[in-house]
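The values are calculated or read from the model by the stated rules, or taken from the named source; none is laboratory data. Keep in mind that what you see is a predicted model, and the values were worked out from it rather than measured. When we count neighbours, we look across all protein chains shown, and the Cβ atoms used for this are built from the backbone with ideal geometry, even at glycine. The accessibility values were calculated without ligands, DNA or RNA, using every heavy atom of the protein model including side chains. Shrake-Rupley method; radii C 1.70, N 1.55, O 1.52, S 1.80 Å.
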Amino acid sequence: IVPIVMAGVLGIYGLIVSVIITQAISEPGATNNNTYSVYNGYAHLAAGLCCGCSCLAAGGTIGIIGDVGVREFGNKASGGKRAWATGAEDDSGGTSAVVAAEDANKLYVGLLIMLIFSEALALYGLIVALILSQHSYVCKAN
């Protein structure tokens, strides 16, 4: 469930940037003079692309890490045994289950650290997009 929540946060980053950009767009004046310059347009385009591309990269890494992590977490927790495939049960008294659970917990911590660093990619993109969206040039009438 952690990769799913982190992927949802990426969508919220895009929503934040889109609301900020939308609030910065201005209508033409009463005399139909354009107050939204080409500079503002390109700055907002760059902000959207920066946030979007970084969220795309972070989403891809979160998906891959989440998929591999869930598969290996289940493999470690079961001790590498597939009871459904062999039909055999563990007769060792439960000691191997404790060792497998400890290994699975170590794997889970590493999984979370990788997910956090991949989320940081999108956070950096959000920060740069916010900086880019703050640059503006106002067209003035002659």
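Against the definition (open to solvent by less than 70 Å² (accessible area, probe 1.4 Å) and at pLDDT 75 or above), how does residue 92 come out, yes or no? So residue 92 does not fit the description; no.
Any residue at all in the range 11-22 that's farther than 20 Å from residue 112 by Cβ, at pLDDT below 90 and open to solvent by 40 Å² or more (accessible area, probe 1.4 Å)? Among the residues of the range 11-22, not one is farther than 20 Å from residue 112 by Cβ, at pLDDT below 90 and open to solvent by 40 Å² or more (accessible area, probe 1.4 Å), which makes the answer no.
For the range 36-71, a residue qualifies if it is over 29 Å from the mean Cα position of the chain (by Cα) and either under 19 Å from residue 111 (Cα atoms) or open to solvent by less than 40 Å² (accessible area, probe 1.4 Å) (or both), and exactly one does: 37.
Figure legend. Inter-residue proximity from the range 23-52: first residues aliphatic (A, V, I, L, M), second residues assigned to a helix (DSSP H, G or I) and open to solvent by 30 Å² or more (accessible area, probe 1.4 Å), beta-carbon distance below 7 Å, spacing 6+ or different chains. Indicated pairs: 43/132; 46/132; 47/132.
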